[in-house]
1. Among P59, L14, T3, which residue has its Cα furthest toward the positive end of the charge dipole of the range 1-98, with +1 on Lys/Arg Cβ and -1 on Asp/Glu Cβ?
2. So how strong a dipole does the range 12-63 carry about its Cα centre when Lys and Arg Cβ are +1 and Asp and Glu Cβ are -1, to the nearest 20 debye?
3. Keeping all protein chains in place, calculate the accessible area per residue for the range 1-72 (probe 1.4 angstrom), answer in Å².
4. Assigning unit charges at the beta carbon (Lys, Arg +1; Asp, Glu -1) and nothing else, what dipole magnitude in debye, to the nearest 20, does the chain show about its Cα centre?
5. As I understand it, the value is the acute angle between the Cα axis of helix 80-108 and the longest principal axis of the Cα atoms of the chain; what does it come to in degrees, rounded to 10?
6. Which residues in the range 16-30 place their backbone N less than 13 Å from a point set 7 Å from the Cα of C94 along the Cα-to-Cβ direction?
7. Normalising by the residue count of the range 1-147, find the relative contact order in percent from Cα pairs under 8 Å and 6+ residues apart.
8. For K40, go through the lysines and keep the ones whose alpha-carbon is under 16 Å away, minus same-chain ones fewer than eight residues off.
Amino acid sequence: MWTADWWWDTQNKLPDGATIAPIILASDKTQLSQFQGDKKAWLVYLTIGNISKEIRQCPSAHATVLLGYLPVPKLDCYTDAACSLAGYRLFHYCMAQILAPLVKAGQDGIETVCADYADGFVRLLYIILAAYITDYPEQCLVACCMENRCPNCLVDPSLRG
């Protein structure tokens with residue numbers, strides 16, 4: 001990840017002695033209970049791009065942490081027309097709450113002791129969201145679009161091949 005141009009473009013905008021910590025988020029809806037059958041949640045995971053992908057992708061390295069669980073309510077109190085909008089709003093509100101401390105750290109930076117230096121060199125670390133890994137239903141949820149639409153473009157479904 002650190003070989004990408006965006007990384008160095010961002011790094012060059014920071015003051016001397018500062019560095020970035022690119023955050024990689026991942027989420028997926030999962031079933032929590034086998035007994036009741038209807039208990040679900042979105043699990044939100046976090047890792048950083050400063051860790052090499054060989055280590056990041058190895059489960060025994062513990063380079064990815066569970067950031068939180070987001071609720072998947074039934075929203076029975078809403079009409080069918082309002083249900084998906086309420087679900088989108090709830091998801092985005094919960095993500096905003098979970099990520100609020102990271103937003104502040106990205107704006108102001110945080111001082112951290114660098115592990116690479118024996119003298120305990122302190123760097124100013126700026127956190128940025130570099131990637132959000134999801135499957136197609138979560139991409140649609142994040143983009144607030146219906147699942148029969150493309151979350152990346154505005155092509156009408158009737159015009160697709």
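1. Going by the charge dipole, the pick is P59.
2. On the way: 6 positive and 4 negative charges, 26 e Å.
It comes to approximately 120 debye.
3. Heavy-atom SASA per residue in the range 1-72 reads 64 Å².
4. Values: 12 positive and 16 negative charges, 75 e Å.
Rounded to the nearest 20 debye, it is 360 debye.
5. 10 degrees
6. Within reach of a label on C94: 27-30.
7. The value is 27 percent.
8. Cα-Cα hits under 16 Å: K29, K74.
The values are calculated or read from the model by the stated rules, or taken from the named source; none is laboratory data. None of these values were measured; they are calculated from a predicted model. No Cβ is skipped: glycine too gets one built from the backbone with ideal geometry, and neighbour counts run over all protein chains shown. To get the accessible areas, we keep the full protein, side chains included, count just its heavy atoms, and leave off ligands, DNA and RNA. Shrake-Rupley method; radii C 1.70, N 1.55, O 1.52, S 1.80 Å.
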